[in-house]
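Reviewing the structure listed below.
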Amino acid sequence: MAQTPTATFEHFDQRIADAMIKVNNETTAGLPGFLGVKFTEFGPGRLLAVAEVRPDFLTPIGNIHGGIMAGLVDHLLGCVLYPLMPRGAWAATTEFKLNYLAPVKDGTLTAESTVVSMTRTTAVVRVEVVNEGRLACIAQGTLLVREPKPAS
């Protein structure tokens, strides 16, 4: 993975990161379950994940469908933010761009999600996806960060 400079995140909550690893890695429902994405490392502003390429991810010509890669990237864009936000806050992707760099036919996808910039209301996140040692996709997205709703 390329070395993207990251900011210092003093509000990183390792307990939230550990809970997200556990929940994500044990789920079989929704997009993370379908993709089989597993979080392997979670640190301040950085998340590593892996997913095995399955035959049902492939197009008729034998390459991974772009929507599979986009789904993986979108999942990682948001998840990397949760240990940095106040408890109860949420993040929503407002836009992201993918550059597909190499065809993926099989093997393992290894993805690194890195927070480039984060304010109280927005974040910019970069994701790099490698397939068997070859850079397959680079993506960058902007996310809206919403504060927790006050108790009524």
Quick check: the angle from helix 66-79's long axis to the longest principal axis of the chain, C-alpha only, nearest 10 degrees?
20 degrees
Quotient of C-alpha Rg and 2.2 N^0.38 Å, computed over the chain:
1.03
Between the Cα axis of helix 14-26 and the main Cα principal axis of the chain, the angle (0 to 90°, nearest 10) is 40 degrees
To the nearest 0.05, how large is the calculated FRET efficiency for Glu132 and Lys97 if R₀ is 35 Å and r is the Cβ-Cβ distance?
0.90
Which residue, Val127, Val116, Val37, tops the fluctuation ranking in a GNM of the chain built on C-alpha contacts under 10 Å?
Val116
Checking Pro60, Pro86, Pro44 against a Gaussian network model of the chain (alpha-carbon springs below 10 Å), the top fluctuating residue turns out to be Pro60
With the chain treated as a Gaussian network of Cα nodes joined by springs under 10 Å, which of Thr93, Thr119, Thr142 yields the largest mean-square fluctuation?
Thr119
Sites removed, the longest contiguous part of the chain containing no DSSP-loop trypsin sites (Lys or Arg not before Pro) with at most 16 other Cβ within 10 Å is 1-86
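Each value in this text was obtained by applying a stated rule to the coordinates, not by laboratory testing. Everything numeric here is computed off the predicted structure, so don't read it as measured data. Using ideal geometry, Cβ is built from the backbone for each residue, glycine included, and neighbour counts are taken over all protein chains shown.
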